[in-house]
Amino acid sequence: MLLSLLATVAGAGAQTQVPEAGAFAITNVRVEVGTGEIVSDAVVVVREGRISDVRAGADAPTGLTVIDGTGKTLYPGFIDGFSSRGIKAGDPPTVTARPGQGTTAPADFWIGNRKGITPEFRVADNLDFSPDRARWASGVTTTMISSTRGGMRGVTALLDLLPAEVSDRVLVPACGSSMSFRLGAGAGYPTNLLGGIALLRQVLADAQALNEGAVLYEGNTKPAWMASLEALQPVIRREMVVFFEANQAREIERAIAISEEFGFRIVFVGGREAGRVAPLLAEKKIPVILSADPGTAPSTTLPADTLNQDASPMEWREERVTRWREIALGDQAMEKAGVTFAFSSDGTMTNLLSLVRGRIGRGLSRGQALKSLTTDAATLLGVGDRLGRVAVGMRANLVLMSGDFADEKSSVERVWVGGRPVLAPEAK
């Protein structure tokens, strides 16, 4: 039934209509609040897109649509912490009228070097987004969207998975500033990692100088590159967090050093080797949006077809397996150290719920997995006051499942986003 519904929905146009947020009650349902608390045999009432009541053993108010939740479990909508899908990328910046090298510093080192530097780009103003309907079937109701182009990628946005015509789907238009050490290919400085780091630091230093009142250009015409420095002012003033994509442990350590040098708040994205530096992340209270997919597990077993045998030394194959296990179990290292982390499905076509179930199967605690999908994700994205819990006053992003979210036999039966039903059993 559910697969039939998904096939129908997936075939619909980009402008899929969803009903307006209405008033309804879910009765006789087991509620996992998201904090570890459980409310059994509960009634959950939703009005105007928000949860207005959660009580055990109560009757549904009269006059509301009633959904029987007997034998089922209600969860907060799951949050996908980082996605790069659904963005209209602008043209790469161009630079004209570079100064002559005879009287000034070489053009490659000029303050106007914009290679991979577009912190002024705003995802909320460049959305090309229609809901990934398969994510509703995975229980995902909310995602942060970021550009992944360049080293300073612009301002991220937090969205509910609703069609473009729904006016309140952009929950936070300026969630944070997205950065990376990868400035992109192409001619001109920088062409390597050290140059990229140098350029990032120089732009941050220029932004810091601007914040301190420095005059950075002559004349009355503001250069185009000033837009980048102005966009970084909330970062320098610690008003906006930086979502820094880094996977290797040494990348994470370098980014921490830069964040401390310039005093900005940081959250890591990707974090494949974050488990290696979990004590450091815990000490500095730095959260992680962890890529939920550890990749395919390598093997030391040789293929039966001798013509296609792996000629790599056994020691190297064993090292590959060891490294994969370290990545796959990094979430447990972070849980043990007390690092706050959420999950991201970016870069994979596998649904987020399946990936998280795989992590539970490898030893991540069920309670931590649920918090990383709900309350912890909402907290590190700055919306813990309105998302991530089934509680009065919270936005009605809800997932009704046939059983335990961690059980692969349990399916998502209904999903509401902002009180709007976006996934429901097929009408008979």
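Test of understanding: among Gly393, Gly367, Gly338, which residue is farther than 17 Å from Tyr75 by Cβ, surrounded by fewer than 22 Cβ atoms within 10 Å (Cβ to Cβ) and touching a residue at least 60 places away in the same chain (Cβ under 8 Å)?
On inspection, the qualifying residue turns out to be Gly393.
Under 8 Å between Cβ atoms, which residue pairs at least 6 apart in sequence (or on different chains) link something in segment 201-213 that is open to solvent by less than 50 Å² (accessible area, probe 1.4 Å) with a partner that is among the hydroxyl-bearing types (Ser, Thr, Tyr)?
These pairs meet every condition: Val203/Ser228; Ala207/Ser228.
For segment 140-154, name all the residues that are touching a residue at least 60 places away in the same chain (Cβ under 8 Å) and surrounded by fewer than 24 Cβ atoms within 10 Å (Cβ to Cβ).
Ser147, Thr148, Arg149
Only residues that are open to solvent by 50 Å² or more (accessible area, probe 1.4 Å), assigned to a loop (DSSP other than H, G, I, E, B) and touching a residue at least 40 places away in the same chain (Cβ under 8 Å): list them for segment 408-428, please.
Scanning segment 408-428 gives Glu408, Pro425, Glu426.
Could you list, in sequence order, the residues of segment 68-82 that are farther than 17 Å from Val422 by Cβ and either in a loop (DSSP other than H, G, I, E, B) or open to solvent by less than 20 Å² (accessible area, probe 1.4 Å) (or both)? Walk me through it before giving the result.
If we filter segment 68-82 for residues that are farther than 17 Å from Val422 by Cβ, which is where we start, we get 68-73, 81-82.
The answer is Gly69, Thr70, Gly71, Lys72, Thr73, Gly81, Phe82.
Could you grab me the full set of residues in segment 362-388 that are polar (S, T, N, Q) and over 14 Å from the mean Cα position of the chain (by Cα)? Please lay out each step first, then the result.
Taking segment 362-388 as the starting set, the residues that turn out to be polar (S, T, N, Q) are 365, 368, 372, 374-375, 379.
Scanning segment 362-388 gives Ser365, Gln368.
Residues that are open to solvent by less than 20 Å² (accessible area, probe 1.4 Å) and polar (S, T, N, Q): does segment 180-200 have at least one? If you could, list the steps in order and put the result at the bottom.
Of the residues in segment 180-200, the ones open to solvent by less than 20 Å² (accessible area, probe 1.4 Å) are 180-181, 183, 190, 195-196, 199-200.
This time we only want the ones that are polar (S, T, N, Q), so: 180.
Yes, some residue in segment 180-200 is open to solvent by less than 20 Å² (accessible area, probe 1.4 Å) and polar (S, T, N, Q).
Any idea which of (1) more than 30 Å from Tyr75 (Cα to Cα); (2) open to solvent by 10 Å² or more (accessible area, probe 1.4 Å); (3) over 18 Å from the mean Cα position of the chain (by Cα) is the one Glu165 doesn't satisfy?
Result: Glu165 passes all but (1).
Of these, Thr156, Thr191, which one is touching a Phe, Trp or Tyr at 6+ places or on another chain (Cβ under 7 Å) and among the polar types (S, T, N, Q)? So that I can check it myself, show each step before the final result.
Values: Thr191 fails: touching a Phe, Trp or Tyr at 6+ places or on another chain (Cβ under 7 Å).
From the options Thr156, Thr191, the qualifying one is Thr156.
Looking at segment 117-142, which of its residues are of a type in the set (A, V, I, L, M, F, W, C) and either in a helix (DSSP H, G or I) or within 17 Å of the chain's Cα centre (by Cα) (or both)? Please lay out each step first, then the result.
Kept after step one, since they are of a type in the set (A, V, I, L, M, F, W, C), are these residues of segment 117-142: 117, 121, 123-124, 127, 129, 134, 136-137, 140.
Val123, Ala124, Leu127, Phe129, Ala134, Trp136, Val140 - these are the residues of segment 117-142 that are of a type in the set (A, V, I, L, M, F, W, C) and either in a helix (DSSP H, G or I) or within 17 Å of the chain's Cα centre (by Cα) (or both).
Of the numbered conditions (1) on the phi > 0 side of the Ramachandran plot; (2) in contact with a strand residue (DSSP E or B) (Cβ under 8 Å, 6 or more places away or on another chain), Gly363 satisfies every one except a single condition; which is it?
(2)
Here are some residues: Ala105, Ala97, Ala137, Ala124. Which one is surrounded by fewer than 19 Cβ atoms within 10 Å (Cβ to Cβ) and either touching an Asp or Glu at 6+ places or on another chain (Cβ under 8 Å) or modelled with pLDDT of 65 or more (or both)?
Result: Ala124 is the single residue among Ala105, Ala97, Ala137, Ala124 that is surrounded by fewer than 19 Cβ atoms within 10 Å (Cβ to Cβ) and either touching an Asp or Glu at 6+ places or on another chain (Cβ under 8 Å) or modelled with pLDDT of 65 or more (or both).
Do we find a residue being part of a helix (DSSP H, G or I) and open to solvent by 10 Å² or more (accessible area, probe 1.4 Å) anywhere in segment 379-388? Let's see the steps before the verdict.
Step one: filter segment 379-388 for residues part of a helix (DSSP H, G or I), giving 379-380.
If we keep only those that are open to solvent by 10 Å² or more (accessible area, probe 1.4 Å) as well, we get 379-380.
Checked against the condition, which is being part of a helix (DSSP H, G or I) and open to solvent by 10 Å² or more (accessible area, probe 1.4 Å), segment 379-388 yields at least one hit.
State all residues of segment 51-67 that are closer than 29 Å to Gln368 by Cβ and either buried (at least 17 other Cβ atoms within 10 Å of the Cβ) or touching a Pro at 6+ places or on another chain (Cβ under 9 Å) (or both); if no residue qualifies, say none.
To start, the set of residues in segment 51-67 that are closer than 29 Å to Gln368 by Cβ comprises 51, 53-56.
Within segment 51-67, Ile51, Asp53, Val54 meet the criteria.
The values are calculated or read from the model by the stated rules, or taken from the named source; none is laboratory data. Predicted, not measured: the structure shown is a model, and the values here were computed from it. Note that each Cβ is placed from the backbone with ideal geometry, even for glycine, and that neighbours are counted across all protein chains shown. With ligands, DNA and RNA removed, areas are computed over all heavy atoms of the protein, side chains included. Shrake-Rupley method; radii C 1.70, N 1.55, O 1.52, S 1.80 Å.
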